[in-house]
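Structure record follows, encoded as structure tokens.
The values are calculated or read from the model by the stated rules, or taken from the named source; none is laboratory data. Here the structure is a predicted model, which means the values were calculated and not measured. Note that we place each Cβ from the backbone using ideal geometry, even for glycine, and neighbour counts take in every protein chain shown.
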Amino acid sequence: MFFERGSLAATFLTAAAACAPVGAVAGDAVELRSGARVEGKILLQDEERVVLDLGCGQPLTIARKDIFKVVEAAKRAKEKAAKEEDGVEDKDGLFSTARLKPGSIKEKAETFGPGVVMVTSPGGLGSGFFITARGHLITNAHVIEGETHIAVTVFQKGKDGFEKKKFEKVEILAINPYFDLALLQVKEAGDVEFAKCFLGDSSELKNGDQVFAIGNPLGLERSVSHGIVSTANRNMSGLTYIQTTAAINPGNSGGPLFNLKGEVIGVTSAKLMGLGVEGVGFAIPSARVKEFLINRSAFAYDKDNPNSGYRYLSPPSKKGSAGGVEKK
């Protein structure tokens, strides 16, 4: 079997299902650009292909152009041990959680800052952060709502400090205006592995906990602001937010709010503005971000209906309802 890009996902699922009763050969792993992962024993690999034994008697051949990364058995065992100690991915591998140790804001900003990006469109700019090395990132729905031409600027560490790299091809995968969250993916990034951020547990937040935000307020790139959690559960318009004194300004929207472990515990979203108003910013809790990602198929982006996922029909009026019964 030799996969072509158009039918890769469907063919892979068919092959995997056929081999499931037999059981795959443990050891090597191949991560596909589509986000899928296949495990087996590498029989052959060259510049054009990788051939795997899945344990079902039929070798599986995958074209190099469809492969994101090959992880051989020894390296995979090492990565597994590190993951058990430092982080756990969700079942789809679309986001990771971790058991990180507390540190200084300077240390954590230097470590996780490269995972924070600038999101731009003809309508303005905001912030975002990578959740996978394959280019999946989170931002606010209002940052990209109504836009289709989106670009992401990444700040990568170089010999002379941080270097900017702009990616013009960005796909909207899911969007939920009510939660004010959007899932994007940078396309055609080649072999670039993006620095990712870990999602923390927002339910553990306490009033007074120190937090910091990284983003691009007013276009000022890679700005860090520091504050505390004013209220861990602030109800606004039927949703719960983290209220913080960390400075949140236009351009911060969609960026991460970190705890002192360097975990993302919120997505900066809004602030109260007015004469004499200071230090009243809000972030979407990471618990809601995880819920959005786990159920992202319900919010899948449709180019023909760009402001939401599935199109929901209005309920019939009471008088026109089936059976002609009107509730009193």
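Can you confirm whether region 112-121 contains a residue that is buried (at least 18 other Cβ atoms within 10 Å of the Cβ), touching a residue at least 12 places away in the same chain (Cβ under 8 Å), in contact with a helix residue (DSSP H, G or I) (Cβ under 6 Å, 6 or more places away or on another chain) and part of a strand (DSSP E or B)?
Yes, region 112-121 contains at least one residue that is buried (at least 18 other Cβ atoms within 10 Å of the Cβ), touching a residue at least 12 places away in the same chain (Cβ under 8 Å), in contact with a helix residue (DSSP H, G or I) (Cβ under 6 Å, 6 or more places away or on another chain) and part of a strand (DSSP E or B).
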Q.
If I filter region 145-166 down to residues being surrounded by 15 or more Cβ atoms within 10 Å (Cβ to Cβ) and touching a Gly at 6+ places or on another chain (Cβ under 8 Å), which single residue comes out as nearest to Ser297 (Cα to Cα)?
A. Glu147
Q. Of all residues in region 52-71, which are surrounded by fewer than 17 Cβ atoms within 10 Å (Cβ to Cβ) and farther than 23 Å from Ala189 by Cβ?
A. Gly55, Gly57, Gln58, Pro59, Thr61
Q: Residues being within 18 Å of Arg134 (Cα to Cα), more than 21 Å from the chain's Cα centre (by Cα) and modelled with pLDDT of 65 or more: count how many of those fall in region 67-80.
A: 2
Q: Output yes when any residue across region 126-134 is part of a helix (DSSP H, G or I), in contact with a strand residue (DSSP E or B) (Cβ under 9 Å, 6 or more places away or on another chain), β-branched (Val, Ile, Thr) and at pLDDT 95 or above, and no when none is.
A: no
